[in-house]
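See below for the structure under consideration.
The values are calculated or read from the model by the stated rules, or taken from the named source; none is laboratory data. Fair warning: this is a prediction, and the values are worked out from it, not measured in the lab. Neighbour counts are summed over all protein chains in view; Cβ atoms, including those assigned to glycine, are modelled from backbone coordinates with ideal geometry.
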Amino acid sequence: MASRHNRDVNVEIWSDIACPWCYVGKRRFEAARDLFEHRDSIDVVWRSFELDPGAPPVRDEDRSEHLARKYGRTVERARQMHERMTEVGAGEGIDFRFDRSHSVNTLDAHRLIHLAKSHGLQDQMEERLFRAHFSEGEVVSDPETLTRLAAEVCLDEGDVRDTLATDRFEAAVREDERTAAVLGIHAVPFFVVDRALGVAGAQPAEVLLELLRQGWRTRNPVAATR
């Protein structure tokens, strides 16, 4: 049996590709990982979380108007929130284009991320979906769009089409969401290390780096289920 001190640090990140703070959180985690002294010993798994599970495939409503209605704000205040988010994203190298992005149901995108995980391409798929949704104005609930984006990260087209035409990996998405509920996760991004340490929100890289260091010091023998 491997020694406790030879184990990787297992990081699970609950996220939704429709969540701008999750995209920022991904960048900040990457910055923390790059500074971590044992970065080659980090095992990362992206977990599914739907911010709006009842959303239609595509919502035609203006994004600022929808945000205003959802949170009881004025449209002007919602636009200001988007402007502020755009500034935050720019600081992390993200080109947020809320004037282009569409409000969509993300279940199929999450199922595709699980398919990518089974081929060791989860991070690449997560990144491609974030960029497509927030920067390029792609409709990431459309099967043809998802198939094209998946091909860009080298997933097999037939496998992708089969997944999207069935309920494949939906059970995995639901299991992630049930686990989130058990762990008390109600908002994303949420970072969990070895099912022992956790931090909510797109924390600065320094905070996430300390989380990794603490996880390394107190490594738990329970690995994340792949």
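Points to keep in mind about this one:
- GLY72 vs. criteria at positive phi and among the small types (Gly, Ala, Ser): yes
- Region 79-134, residues that are surrounded by fewer than 18 Cβ atoms within 10 Å (Cβ to Cβ) and of a type in the set (Gly, Ala, Ser): ALA90, GLY91, GLY93, SER118, GLY120
- Extreme residue, surrounded by the fewest Cβ atoms within 10 Å (Cβ to Cβ), among residues of region 136-177 that are in contact with a strand residue (DSSP E or B) (Cβ under 7 Å, 6 or more places away or on another chain) and in a helix (DSSP H, G or I): GLU177
- With respect to (1) assigned to a helix (DSSP H, G or I); (2) modelled with pLDDT under 95, the lone exception for HIS133 is condition (2).
- Filter result for VAL182 (out of contact with any Gly (no Cβ under 6 Å at 6 or more places or on another chain), over 14 Å from ALA18 (Cα atoms), without any contact (Cβ under 8 Å) to a residue 12 or more places away in the chain and in a helix (DSSP H, G or I)): yes
- Scan of region 85-108 for residues that are over 18 Å from VAL24 (Cβ atoms) and modelled with pLDDT of 95 or more, ordered by number: VAL104, ASN105, LEU107, ASP108
- Some residue of region 69-84 being free of Cβ contacts under 8 Å to residues at least 40 places away in the same chain, outside any helix (DSSP H, G or I) and basic (Lys, Arg): yes
- Each residue in region 6-27 was checked for being among the hydrophobic types (A, V, I, L, M, F, W, C) and in a strand (DSSP E or B), and 4 pass.
- The condition (being within 26 Å of LEU115 (Cβ to Cβ), hydrophobic (A, V, I, L, M, F, W, C) and at pLDDT below 95) is satisfied by just one residue among ALA68, ALA2, ALA18, ALA55: ALA55.
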